[in-house]
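Down below is the structure, laid out as structure tokens.
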Amino acid sequence: VWRCTHKYDTTGGCKTPVVHEEDLRFAFLAALNQILGVREEYIAEMEQEIEALLRVKIDPEDRESRTAINAQIGQIRRYLHALRKKSGMVSEFDDHTFNTLAESMIVQANGDMTVLFRNGREITVPKS
């Protein structure tokens, strides 16, 4: 069972309902399967993003920016690797896939859940 981190704040707490682990897992799988339904298109978008990052002109002395871009490229490549390993739709949750692809999840007050993927994409899954 998951609860809002602000549930017991004196400022009124939060209105998000208690969430069960299996509901979080279901929402992640539903969102992931939406992506997998257009896998090739999605992979092409991510590869174009890598190409765009590789073309960014950075001053050779600006190590911080170069490090940030390299980290972003590495993250996208890990994301793509995990995505390519999935064949067809996914019916079973596994921690590795979740930790590789998902940044976080947001549970709305109405029970809908939004999966924030590491590449910036957000998919909202209605309360089941």
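The values are calculated or read from the model by the stated rules, or taken from the named source; none is laboratory data. These numbers come from a predicted model, not from an experiment. Don't worry about glycine lacking a Cβ; one is built from the backbone with ideal geometry, like all the others, and counts go over all protein chains shown. In case anyone asks, the SASA skips ligands and DNA or RNA and just uses the protein heavy atoms, side chains included. Shrake-Rupley method; radii C 1.70, N 1.55, O 1.52, S 1.80 Å.
Okay, here's what the table says:
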quantity	calculated
Average accessible area per residue (Å²) across the chain - probe 1.4 Å, nucleic acids and ligands excluded	66 Å²
Debye equation applied to the C-alpha atoms of region 76-128, log10 I(q)/I(0) at 0.15, 0.16, 0.27 Å⁻¹	-0.46, -0.52, -1.15
Distant-in-sequence amide H partners of ASP112 (H built 1.01 Å from N, under 5 Å)	LYS127
Region 15-68: C-alpha gyration tensor shape, a/c 1.5 cut-off, then a/b vs b/c	oblate
Apportionment of accessible area to carbon and sulfur, the chain, percent (1.4 Å)	50 percent
Length-normalised contact order for the chain - Cα pairs under 8 Å, 6+ apart - percent	26 percent
³J(HN,Hα) computed for each position of region 37-50 - Karplus, 6.51 cos²θ - 1.76 cosθ + 1.60, integer Hz, glycine/proline x	x, 10, 3, 5, 4, 5, 4, 4, 4, 5, 5, 5, 5, 4
Vicinal HN-Hα couplings computed from phi for region 67-80 (Karplus, 6.51 cos²θ - 1.76 cosθ + 1.60; Hz; Gly/Pro x)	4, 5, 5, 4, 5, 5, 4, x, 5, 5, 5, 5, 4, 5
Low-density loop cleavage sites - trypsin sites (Lys or Arg not before Pro) in region 40-88, where at most 16 other Cβ are within 10 Å (DSSP)	ARG55, LYS57, LYS86
Ranked order, ASP62, ASP112 - accessible area, probe 1.4 Å, largest first	ASP62, ASP112
For ASP94, solvent-accessible area (1.4 Å; no DNA, RNA or ligand), Å²	50 Å²
Among ALA52, ALA102, ALA31: highest mean-square fluctuation, GNM of the chain, C-alpha pairs under 10 Å	ALA52
